[in-house]
1. Pairs of alpha-carbon atoms within less than 8 angstrom and 6+ residues apart define the contacts here; what relative contact order does region 23-89 have, in percent?
2. Where in region 75-95 does the amide nitrogen come within less than 13 Å of the point 7 Å from the Cα of K146, taken along Cα to Cβ?
3. Amide H of I153 versus every other amide H placed in the peptide plane: which residues, excluding those fewer than 5 positions away on the same chain, fall under 5 Å?
4. Identify all lysines with a Cα-Cα distance to K59 below 22 Å; exclude those on the same chain that are fewer than 8 residues away in sequence.
5. For the chain, what does the relative contact order come out to in percent, with C-alpha contacts under 8 Å and a separation of six or more?
6. On a 19 Å Cα-Cα criterion, which of the cross-link pairs K76/K136; K136/K189; K85/K136; K85/K143; K146/K189; K146/K202 come out too long?
7. How much mean residue ellipticity at 222 nm does the chain get from its helices, if each DSSP H run of length 4 or more adds -39500 (n - 2.57) and you divide by all residues, to the nearest 500 deg cm²/dmol?
8. HN-Hα J couplings of region 123-134 from phi, Karplus 6.51/-1.76/1.60, θ = phi - 60°, integer Hz, Gly and Pro as x?
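The values are calculated or read from the model by the stated rules, or taken from the named source; none is laboratory data. As the structure is a prediction and not an experimental result, all values here were calculated from the model. Positions of Cβ are backbone-derived with ideal geometry, glycine not excepted, and every protein chain shown enters the neighbour counts. The area values use the complete protein model at the heavy-atom level, side chains included, leaving out ligands, DNA and RNA. Shrake-Rupley method; radii C 1.70, N 1.55, O 1.52, S 1.80 Å.
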Amino acid sequence: MKKHTSGRPAGNNKNIKHDLLISAIKLFSDNDFNSVSLKDIAKSCSTTSAMVHYYFGSKEKMINNIAANFLVPIFKEILQSALDKDNPLDMVENVVDRVTVLAMKHPYIAKMWSKNFLHHESNLAKHILPYIPFDKLAIFTKKIIKGQKDGIINKDLLPKLVYPAIVSNIFITINAFDFMLDNTNNEEKIKHIKSFILKGIKNE
């Protein structure tokens, strides 16, 4: 048998790097960050620790990769799509719709976010904060302020907290449906989320 030389470990899956990231996210969402090893991640993806080391080098580099190359691009795209809306309420609804779809399609992302990012000292938060598009968030905030001045956005809201509150409320709610209600009815999830968030944001 031919011996494998240094370099990329043997493997047939062209998407192995992406699969490893997804496996890591799922493990981090169910377990304490420090208790998950690269061996655990490799095993959950049916590959070897050598493959994980080849792509990421260490667990810290993997979590940084999850933040910089996986999570942040998703939320940047969602935020930019919202900013293309002129009406602040349309902008908010766009965020609600797209984050809800993301959370329902990838509940492990919602679970990991709820478990880790809300704690600013968590490893995920430390790695994701440097990549947050604060310039785009500032534009979002300005549009919320304009909506308050125009009388269409609830004036009791703190503009800077509207976007993170939307994302966190959606993710927490998706998790609540799963472990509190054992509810798999997607229409009920969407109805609850949109009613809870949008009626609180509109100035009625």
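1. Computed value for region 23-89: 21 percent relative contact order.
2. 83-92
3. Q148, N203
4. In chain and number order, the partners are K14, K17, K26, K39, K43, K111, K115, K126.
5. 21 percent
6. The pairs that break the limit, which is 19 Å between Cα atoms, are K136/K189; K146/K189.
7. Calculated mean residue ellipticity at 222 nm is -19500 deg cm²/dmol.
8. Per residue, the Karplus-derived 3J(HN,Hα) values read 4, 4, 4, 4, 7, 7, 4, x, 9, 5, x, 4 Hz.
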